[in-house]
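The values are calculated or read from the model by the stated rules, or taken from the named source; none is laboratory data. All of these numbers come straight from a predicted model, not from anything done at the bench. Ideal geometry is used to build each Cβ from the backbone, glycine not excepted, and the neighbour counts take in all protein chains shown.
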Amino acid sequence: MDIAVCDDNKTILRELESQLLTLSMADNISVFSDLDAFWLSVDGGKRYDAVLMDIDWDEKAAGMDTAAELYKLCPETKIIYVTGHVEKFNQKVFLQRANMSGFLTKPVDIELLRANLQKAADDLTYQEQPALALQKQGATISVPLREIYFIESRRHTANVHTAAEVITTYERLENIIRNMPSNFYQCHKSFIVNMNHISRIQSGEIYLKNGGRVPISRARHNETKEAYHNYIGRKL
């Protein structure tokens, strides 16, 4: 990933850069202690996969303003807010439209930084591979991943359940799951669920936001709950 770090505190800037180098999750790291310099980079054509953005610049919420403007120009860039003033900004970060991917407090915990970067990387993969290609009656069809609620194996076929329809294909479930991003989880030998559409997990079943239900096998019950809790934790 190409990552930019924006913070007017040069000590924090060096610490974040050092942590990123330790994690080895970035292909390129650019650091900015001045937002004008950051904009010069963007205006010059540079595109970042993720930006670690300090919120508080000279006692102004300039980080959120910058993120909102960046969203208009680069809507795919993930924003991870960083602040030492949680109580001041924790409710304000949602007031402006931005591609917010995470929220970190100073001093930044390196494991939380790792988790936030992994979430951003997973989301980028999801964007780069937005559809599932399926064979149906001799033709290849494309199903947007965001529309898939769950996939069910029935004998020699797989039924792909979306909000609008159920698509039947002769693809095998184990082949489908290999090419799916991390928000898709196999909770049963015959079911794959999109965790983005889970409402709750209760009494051995997954309740979906559209009112549907997906069973969890006894052998995978604890692993499924843990996987879902970890996934939700990465999204917060």
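For the reader, a short list of remarks on this structure follows.
- Options Asn179, Asn194, Asn222; residue that is at pLDDT below 90 and not assigned by TED's automatic domain parsing to the domain that holds Glu111: Asn179
- Number of the condition not met by Lys136 [criteria: (1) crowded, with 17+ Cβ neighbours inside 10 Å; (2) closer than 30 Å to Thr157 by Cβ]: (1)
- Criterion: of a type in the set (A, V, I, L, M) and loosely packed, with under 13 Cβ neighbours inside 10 Å - qualifying residue of Ala227, Ala163: Ala163
- Subset of segment 203-223 [surrounded by 11 or more Cβ atoms within 10 Å (Cβ to Cβ) and farther than 27 Å from Met100 by Cβ]: Gly204, Glu205, Gly212, Arg213, Val214, Pro215, Ile216, Ser217, Arg220, His221, Glu223
- Criterion applied to Ser199, Ser182 was being among the polar types (S, T, N, Q), assigned to a strand (DSSP E or B) and closer than 22 Å to Lys119 by Cα, and the one residue passing it is Ser199.
- Positions within segment 61-94 being part of a strand (DSSP E or B) and closer than 18 Å to Leu13 by Cβ, in sequence order: Ile79, Ile80, Tyr81, Val82, Thr83
- Filter pass, Asp27 being more than 23 Å from the chain's Cα centre (by Cα), touching a residue at least 24 places away in the same chain (Cβ under 8 Å) and loosely packed, with under 15 Cβ neighbours inside 10 Å: no
- Residue check for Val86: at pLDDT 90 or above and in contact with a strand residue (DSSP E or B) (Cβ under 8 Å, 6 or more places away or on another chain): no
- Screening the candidates Leu52, Leu40, Leu112, Leu20 for the property of being crowded, with 18+ Cβ neighbours inside 10 Å and either assigned to a helix (DSSP H, G or I) or at pLDDT below 95 (or both) yields one hit, Leu20.
Residues checked against (1) among the aliphatic types (A, V, I, L, M); (2) closer than 30 Å to Asp8 by Cβ; (3) outside any strand (DSSP E or B):
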{"site": "Val108", "(1), (2), (3)": "yes, yes, yes"}
{"site": "Leu124", "(1), (2), (3)": "yes, yes, yes"}
{"site": "Val160", "(1), (2), (3)": "yes, no, no"}
{"site": "Thr168", "(1), (2), (3)": "no, no, no"}
{"site": "Gln186", "(1), (2), (3)": "no, no, no"}
